[in-house]
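Okay, structure first, notes after.
The values are calculated or read from the model by the stated rules, or taken from the named source; none is laboratory data. This one's a predicted model, so the numbers in the text were calculated from it and none came from an experiment. Here the Cβ positions follow ideal geometry from the backbone for every residue, glycine too, while neighbour counts run over all protein chains shown. The accessibility values were calculated without ligands, DNA or RNA, using every heavy atom of the protein model including side chains. Shrake-Rupley method; radii C 1.70, N 1.55, O 1.52, S 1.80 Å.
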Amino acid sequence: MNPDALDGRIGEGWSGEAPNGSHVNIVLARRGSPTAAAAISMFAHPAPGHTPVLVCVGATPAEYEPVWPPTLMMNKGTAVDERHQTLTWGAAQLGIAQGVLDAVADGLLDTSGELIVLVAVWVDPGAHDETAVRVANRAATRKAIGVCVEGRDQAAAAALVERRDELRSPFYSGN
């Protein structure tokens, strides 16, 4: 698909079981666009416990290579303890890389470098199974890219409008 047509597209994906599940938000940006400039500016403004990274893979640091299309990852949850950091920048990063590459293999994205993938990822601080975290991030990332490229299921969107008065959130305990 044309990178201009994908610029600014937003997708969301959840996969797995808490606390080892993953929630990602993805924005696609055409290289050189205002969307890409905003995404890349996150590198210049990190906050404590939030480290933006270019998603790379490799068995050792000397073997690291970035996935393509270029993918920028930022954690949504503050990673302050070592285990949470390891799960975020290890298992989650690897799963995100695999999910992006799944989208390439499925023909949703190409490797021209004209498109940048921005991923905001939630890794639960209580997560403990790095394989489950990796698998969840892979599936959530692929799902979110699918929404970006193919669009939201219109029947699901309409059903959400119909149920709007009954909606709930696990983070809201009111009426």
>> With N set to the number of residues, divide the alpha-carbon radius of gyration of the range 1-56 by 2.2 N^0.38 Å and report two decimals.
In response: 1.36
> Given Cα pairs under 8 Å that are at least 6 residues apart, what percent is the relative contact order of the chain?
Replying inline: 34 percent
> Working out 0.36 nm times the residue gap between Lys76 and Asp106, then minus their Cα-Cα distance, what length gain in nm do you get to one decimal?
Replying inline: 8.1 nm
>> Could you report the range 1-142's accessible area per residue, 1.4 Å probe, as an integer in Å²?
In response: 47 Å²
> Where does the range 96-175 land on the Kirkwood hydrodynamic radius, alpha-carbon pairs, in angstrom?
Replying inline: 15.2 Å
> Expressed as a rounded percentage, what relative contact order does the range 1-47 have, with Cα pairs under 8 Å and six or more residues apart?
Replying inline: 34 percent
>> Tell me which chymotrypsin sites (Phe, Trp or Tyr not before Pro) from the range 89-175 have a DSSP coil assignment and no more than 14 other beta carbons within 10 Å of their own.
In response: Phe171, Tyr172
> What Kirkwood radius, in Å to one decimal, follows from the Cα pairs of the range 53-94?
Replying inline: 11.0 Å
>> Counting C-alpha atoms alone, how compact is the chain: give Rg to one decimal and Dmax as a whole number, in angstrom.
In response: 16.3, 54
> Where is the GNM fluctuation largest for the chain (alpha-carbon springs, 10 angstrom cutoff): His84, His45, His128?
Replying inline: His45
> Which percent of the accessible heavy-atom area of the chain goes to carbon and sulfur, probe 1.4 angstrom?
Replying inline: 56 percent
>> Please list, ordered by chain and number, the residues whose modelled amide H lies under 5 Å from the amide H of Gly77; skip anything fewer than 5 residues away on the same chain.
In response: Val123
>> Based on alpha-carbon centroids, what's the gap between the range 29-72 and the range 106-175 in Å, whole number please?
In response: 19 Å
>> Within the range 143-164, list the residues whose amide N lies under 15 Å from a label point set 7 Å along Cα→Cβ of Trp14.
In response: 143-144, 160
